[in-house]
Amino acid sequence: MTDPTRIVHIVDDDEAIRQSIGFLLRKGGYAVETYPSGTQFLKAVTRETRGCVLLDVRMPDLDGLEVQARLAQSGIALPVIMLTGHGDVTLAVRAIKAGAIEFLEKPFERTALLAAIETALAHAARTNREHLAAVDARIRLAALTPRERDVLDGMVLGRPNKLIAFDLDIATRTVEVHRANLMDKLAARSLSDVLRIAFAAGLGDPAEPG
């Protein structure tokens, strides 16, 4: 049975392109959905849609760049592979800057197409894992009291217990109690666990430890 996360959405107004790519991908074990226009594609997809998108740049209703922009505006994080038969460098640059994974010029080689799809699906899987981790982290943080959140904020900034206590105008021993409690609620065995959960939930900046 085909993995539902390994679905490729082909959006191209050229029926021959849709059929040929669809045949190739189905033969390769991918699930495939095809759309003759950007408008129909946007009506069909939601934030729960999985896989990646092969998106033609030049279409008569909405061009690929506009479809890409509307996906982003709707919070739909499907990796995009842009397709064009025109070799337009300017469009390629715009597509990549807007977040496209790859830009393929028709006619493209089978190996290049499959490599781009695998890259896009790997990106999608990573994004989904990060989303699930963020949801889990936010659920865990919701169990903390306001004071435990204050202590957690200090931990994320890299402050020692004494400095957190000074900032909050409480005893160091009280900070230690709150710290132990929050670690228990977060099911964290170490400071590293606490920081990983906090960063997953969007607290602080993991690239710039305090």
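List of remarks:
- Our summary gives the chain a relative contact order of 14 percent, counting only alpha carbon pairs under 8 angstrom and 6 or more residues apart.
- The range 18-32 residues near the modelled Glu118 label - backbone nitrogen below 14 Å, point 7 Å along Cα→Cβ: 28-30
- Percent antiparallel among DSSP beta bridges (both partners in the chain, rounded to 5): 0
- Taking label points 7 Å from Cα along the Cα-to-Cβ direction, Gln40 and Leu191 give a separation of 5.8 nm.
- With Cα atoms, 0 to 90° folded angle of helix 110-141 axis to the chain main axis: 30
- Principal-axis analysis of the Cα atoms of the chain puts helix 64-73 at an angle of about 20° to the longest axis.
- Length released on extending from Leu24 to Thr49, taking residue separation times 0.36 nm less the Cα-Cα span: 6.8 nm
- Angle between the chain longest axis and helix 146-156 axis [Cα atoms, degrees, rounded to 10]: 70
Computed from the coordinates by the stated procedures, all read-outs in this text should not be read as laboratory data. Source: prediction; values computed, not measured. Here Cβ is always computed from backbone atoms with ideal geometry, including for glycine, and neighbour counts include all displayed protein chains.
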